[in-house]
Amino acid sequence: MPSGNPSEPLYLRIAGELGARIRSGDLPPGERLPSIRQIADRWGVAIATATRVVATLREDGLVEAKVGSGTVVSASPGRVLPKAPASRLPPRPAVAKQPLSREHLLRTAIAIADVEGVDAVSMRRIAAELGVGAMSLYRHIANKDDLVTQMADLVFGEAELPDPGPAGWRAKLELVARRQWALCWRHLWLPRAISFTRPSFSPNLMVHTEWILRALDGLGLPLRTRLQEAVALHSLVLTVALSTADEVEAEQETGVTLARWLRAQRSRTEELFASGRFPLLAEAHDETALDLDELFEYSLARHLDGVAILVGEQVPKAT
């Protein structure tokens, strides 16, 4: 268990231990901070608690996110002032340089999430970035779930869909799927912000769905079938994008690239394939390497082939 004041929240006690190591030089500038999973395992806490530990250290200026390297000790952690005693009144929030707008708030949250992940987004963190009091944010958002929903809606507005778009339903569906795929690459947190069972009815995401429904108009499909196709197409993009996000997160947290990870698994895979139980997998393993862009394009093409069969059209020959 972590040391410190037992009355303090557990995440603050763990953050205090790590902060002390940083200030003493035991964790020097540029050194990788233990990952969220490592913190959870080391102190026996939940991932959510470990996430709050890292967020606290980041807000105190002791660590910072480095794309491709994960979270590292800041270059000048010694310059961070110690926290005020609990009995001292909190400082008055700085006056914002411009009136706080909903879009400014959301774009700040999106910028944080793009670099550090959506778990790093909190009212406290956004307020610190904007130089305002945290309570002022609640004039624009209700809670964290509402914040993430509005972030996703604003992001979907980045992908403009042409009117009327390219000729033919297939070209239209390829266009919207690829634009959503590009969004997921720019905003790796986006796939986890979308729910199909409890949809948020975000206007900009609804624009995409409406656009797909129009693209399928005139093919003789019932409206319910067209709606199912719209959801299936969204789901295809987001499912492959989740693998992309998971891989980037794993690389940032561990510092191990996919290529290095595969090399480390080589002896295990060679042992399995040498058994002769998986001859076709062994042959495919030697000839192909996982490419998520290629997987997305293949999945999209085969999915649209199915739609072509549904509407009685000839399926293009696979290349």
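The values are calculated or read from the model by the stated rules, or taken from the named source; none is laboratory data. All of these numbers come straight from a predicted model, not from anything done at the bench. Here Cβ is always computed from backbone atoms with ideal geometry, including for glycine, and neighbour counts include all displayed protein chains.
Observations, loosely collected:
- Candidate set from region 134-148 (those that are of a type outside the set (D, E, K, R) and surrounded by fewer than 19 Cβ atoms within 10 Å (Cβ to Cβ)); member that is modelled with the lowest pLDDT: ALA134
- Residue within region 105-119 that is buried (at least 19 other Cβ atoms within 10 Å of the Cβ), at positive phi and not charged (D, E, K, R) present: yes
- When ASP153 is tested against the conditions (1) at negative phi; (2) buried (at least 19 other Cβ atoms within 10 Å of the Cβ); (3) modelled with pLDDT under 85, the lone failure is (3).
- Selection count, region 237-260, where residues are more than 12 Å from the chain's Cα centre (by Cα), at pLDDT 75 or above and surrounded by fewer than 16 Cβ atoms within 10 Å (Cβ to Cβ): 2
- Selection status of ARG266, loosely packed, with under 11 Cβ neighbours inside 10 Å and either acidic (Asp, Glu) or at pLDDT 75 or above (or both): yes
- Residue within region 261-281 that is over 25 Å from TRP181 (Cβ atoms), outside any helix (DSSP H, G or I) and within 18 Å of the chain's Cα centre (by Cα) present: no
Here's the yes/no breakdown for (1) touching a Phe, Trp or Tyr at 6+ places or on another chain (Cβ under 8 Å); (2) under 25 Å from ALA250 (Cβ atoms):
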position	(1), (2)
GLU129	no, no
LEU137	no, no
ASP145	no, no
GLY157	no, no
LEU161	yes, no
LYS172	yes, no
TRP181	yes, yes
ILE212	no, no
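- If you check GLY44, GLY131 for being of a type outside the set (Lys, Arg) and at pLDDT below 85, only one passes: GLY44.
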